[in-house]
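Student: Below you'll find the structure I mean.
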Amino acid sequence: MKKTKPTTPRCGLCGKTGGLLKTECCGNWICDDEHKYALFSFARTSCSRNHRHYTLCGYHHQEGHDGDWKDCSKCREIRETEMYVWYGTNEYNFEKLPNPPSYAPTKCSKCGAVIKLGVEGFSRKGDEYNCETCAEQELARLLRQPRRSSGARKKRGEGA
């Protein structure tokens, strides 16, 4: 009989072998590194945080949805199609969403540039999306405008 060498568990995302845990959502080995995440840094260096925050698998589990995440109508309804596809097919998944739906690319309402919502900066107001460049220009324009004095607001019945 041939002896098989025991396999060392590896993180399914980065391949590391030390300091692992199994995910609650899908039972895959992953780095136990979320404690290293710096709050509000938005760094994507933690395998466990990335899987939990940026995948349909992690979202499906956190929301307590029934069944398989790949067939979940509740998960499908939560996000616009582009983000649904990104959450189901990005590099933080152990398994990709089969047959993701097609979608029209999101474009900047000011300059028309394509915005990749999952990985690029943008701003949103209602149904309008602005690329990072146009959003920065708009913010700079707003900051240059002189502020109305409190006296001007009171004259028109605004403010207390």
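Student: I'm checking my understanding of the structure. Among residues of segment 107-145 that are of a type in the set (Val, Ile, Thr) and under 25 Å from Gly88 (Cβ atoms), which one is farthest from the chain's Cα centre (by Cα)? I'd like the intermediate steps shown before the answer.
Tutor: Of all residues in segment 107-145, those of a type in the set (Val, Ile, Thr) come to 114-115, 119, 133.
Those left that are additionally under 25 Å from Gly88 (Cβ atoms): 114-115, 119.
Numbers: Val114: 18, Ile115: 14, Val119: 8 Å.
Filtering segment 107-145 for residues that are of a type in the set (Val, Ile, Thr) and under 25 Å from Gly88 (Cβ atoms), the one farthest from the chain's Cα centre (by Cα) comes out as Val114.
Student: Among what's in segment 95-110 and is out of contact with any helix residue (DSSP H, G or I) (no Cβ under 7 Å at 6 or more places or on another chain) and within 30 Å of Gly15 (Cβ to Cβ), pick the residue that is modelled with the lowest pLDDT.
Tutor: My answer is Asn99.
Quick grid of which residues meet (1) of a type outside the set (Asp, Glu); (2) modelled with pLDDT of 90 or more; (3) assigned by TED's automatic domain parsing to the domain that holds His53:
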site: Ala113; (1), (2), (3): yes, yes, no
site: Lys116; (1), (2), (3): yes, yes, no
site: Glu120; (1), (2), (3): no, yes, no
site: Gly126; (1), (2), (3): yes, yes, no
site: Asn130; (1), (2), (3): yes, yes, no
site: Gln137; (1), (2), (3): yes, yes, no
site: Ala140; (1), (2), (3): yes, yes, no
site: Gly151; (1), (2), (3): yes, no, no
site: Arg156; (1), (2), (3): yes, no, no
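Student: Out of the residues in segment 72-110 that are in contact (Cβ under 8 Å) with a residue 24 or more places away in the chain and among the acidic types (Asp, Glu), which is surrounded by the most Cβ atoms within 10 Å (Cβ to Cβ)?
Tutor: Glu82
The values are calculated or read from the model by the stated rules, or taken from the named source; none is laboratory data. All figures in this text were calculated on a predicted structure; none of them were measured in a lab. Cβ atoms come from the backbone with ideal geometry, glycine included; neighbour counts cover every protein chain shown.
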